[in-house]
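Here the structure is laid out as structure tokens; the discussion comes afterwards.
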Amino acid sequence: MTEVRANDVAAHILRKRGEMTAMKLQKLVYYCQAWSLVWDERPLFDGRIEAWANGPVCPELYDIHRGRFRVGPGDIPGDPDAFDEDGEETIDAVLAFYGDKKAHWLSELTHREEPWRRARVGLADNERGSSEIAHDSMFEYYDSIVR
């Protein structure tokens, strides 16, 4: 299997759900990674997720959509079919639960959750930061809420 990137996940999400804000797309990609760590016991994609002021952001994906408020199918270059069956099921489950939520709601949710908060220790909520949200932090938190 080839190396899966955040933009592959984004392309898949946009193909399934259609146009959305870039902020919402970032949060959905984050939750796909988080739940893949718990359910599949592996990262869904390679690449950093950072704890920015408005919530988790994949800088590699941000560089692609920078300056755009909304993105749609075809706007993010990536392979929407880059996933095995487990990856596909994880993305589908994330979209079933989080997909109808608004971007602001998703951002506020991430602000209440431990992985983002832990990565932003010492920063005010609206202060710029680029600390990585560690996989172990994501796994520990999301695994603990399903027990």
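The values are calculated or read from the model by the stated rules, or taken from the named source; none is laboratory data. Computed from a prediction, not measured in an experiment: that's the story for all the values here. Backbone-built Cβ (ideal geometry, glycine too); neighbour counts: all protein chains shown. Heads up: the accessible areas ignore ligands, DNA and RNA and are worked out on the full protein's heavy atoms, side chains in. Shrake-Rupley method; radii C 1.70, N 1.55, O 1.52, S 1.80 Å.
Structural remarks
- Sparsely packed loop sites in the stretch 96-134 (the GluC sites (Glu not before Pro) outside DSSP H, G, I, E and B with at most 12 other Cβ atoms within 10 Å) comprise 127.
- The loop-placed chymotrypsin sites (Phe, Trp or Tyr not before Pro) in the stretch 21-85, going by DSSP, that have at most 13 neighbouring Cβ atoms within 10 Å of their Cβ come out as 69.
- Every Cα-Cα pair in the stretch 5-66 was counted, and those over 15 Å apart are 45% of them.
- For the stretch 59-113, the equivalent ellipsoid built from the Cα gyration tensor has semi-axes of 20, 19, 11 Å, listed from largest to smallest.
- Carbon + sulfur, % of accessible area of the stretch 40-147 - ligands and nucleic acids excluded, 1.4 Å: 48 percent
- Within the shell defined by Cβ-Cβ distances under 14 Å, the residues around residue 22 carry a net charge of +3, with Lys and Arg each +1 and Asp and Glu each -1.
- Coarse-grained scattering of the chain at q = 0.10, 0.11, 0.16, 0.20 Å⁻¹, given as base-10 log I(q)/I(0) from a Debye sum over alpha-carbon atoms: -0.29, -0.36, -0.79, -1.29
- Solvent exposure of the stretch 1-95 as accessible area per residue, Å², 1.4 Å probe: 42 Å²
- If the segment from residue 15 to residue 89 were pulled out straight at 0.36 nm per residue, it would be longer than the present Cα-Cα gap by 25.1 nm.
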